[in-house]
Amino acid sequence: MRDTNHELYEEVVIAGFGGQGIILAGRLLAQTAMTAGKEVTAMPSYGAEMRGGTANSMVVISDKPIACPLVTRPDSAIVMSKASLNKFGPRIKEHGLLVYNSSQVDQKPDLGRGIETIAIPADDIAKQLGNTKATNMVMLGAYLAAKGLFGPEAAAACLPDVLAKRYHHTLPLNSKALRTGAELAKNSTAL
């Protein structure tokens, strides 16, 4: 949970492969933070191929202006694949947060350094919700609940701003995926 005695400065990496909605999740996190009145930078990065290649989004959220959008040592990482875990897991700051897709990562990572890890079977949950493309929203909802910066409802309210109109029919599904991910993260921290 957020320490309200300190100014907010949160560096996040969302990573996976193309087609998992990594860039959309980053845009939604950035929009949610902006709507809440925070300073934000968001920098997407695509691999050589869109679908199947690597993708990540670096988001910095702060109470004050942000000098650099690059994230080399994130406070938190949301990883959707094993390759992303291998790349970004070791970079997470001491006492940081890792939310990982346990549908893709078959062993609980032991990163040490006091890093909190939360396993979310996001692919499985999205499939149960009716669309595997909602995996990114399940993961983002879990991160939001674990960090306590913004609630899943705040992110759901920003969905129309980041989704193209032709995808607005998915708003109810994506909102439900955000809420479901948040509930899973709350329950996993109680274990």
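The values are calculated or read from the model by the stated rules, or taken from the named source; none is laboratory data. Remember, it's a predicted structure, so these values are computed and weren't measured experimentally. Cβ atoms come from the backbone with ideal geometry, glycine included; neighbour counts cover every protein chain shown.
Brief remarks follow.
- Pairs, first closer than 18 Å to MET139 by Cβ in segment 162-185, second surrounded by fewer than 22 Cβ atoms within 10 Å (Cβ to Cβ) and basic (Lys, Arg), C-beta under 6 Å, six or more apart: VAL162/ARG27
- Looking only at residues in segment 53-82 that are of a type in the set (S, T, N, Q) and in contact with a Leu (Cβ under 7 Å, 6 or more places away or on another chain), the one that is farthest from LEU111 (Cα to Cα) is SER62.
- The residue that is nearest to ASP75 (Cα to Cα), counting only those in segment 6-31 that are surrounded by fewer than 24 Cβ atoms within 10 Å (Cβ to Cβ), of a type outside the set (A, V, I, L, M) and modelled with pLDDT of 95 or more, is GLU10.
- The lone exception for ASP124 - which of (1) more than 24 Å from MET34 (Cα to Cα); (2) outside any helix (DSSP H, G or I) it fails: (2)
- Checking each residue in segment 144-178 for being assigned to a helix (DSSP H, G or I), crowded, with 18+ Cβ neighbours inside 10 Å and not aliphatic (A, V, I, L, M) picks out LYS147, PRO152, CYS158, ASN174, SER175, LYS176.
- Residue match in segment 96-111 (condition: over 14 Å from the mean Cα position of the chain (by Cα) and on the phi > 0 side of the Ramachandran plot): no
- Residues of segment 127-140 classified as in contact (Cβ under 8 Å) with a residue 24 or more places away in the chain and either touching an Asp or Glu at 6+ places or on another chain (Cβ under 8 Å) or surrounded by fewer than 16 Cβ atoms within 10 Å (Cβ to Cβ) (or both), total: 3
- Some residue of segment 43-63 being in a loop (DSSP other than H, G, I, E, B), at pLDDT 95 or above and among the β-branched types (Val, Ile, Thr): no
- Scope segment 130-163; condition under 10 Å from the mean Cα position of the chain (by Cα) and either modelled with pLDDT under 95 or of a type outside the set (A, V, I, L, M, F, W, C) (or both); matching residues: ASN136, GLY141, TYR143
- Of the residues in segment 75-87, at least one is without any contact (Cβ under 8 Å) to a residue 24 or more places away in the chain and either within 17 Å of ILE22 (Cβ to Cβ) or within 15 Å of the chain's Cα centre (by Cα) (or both).
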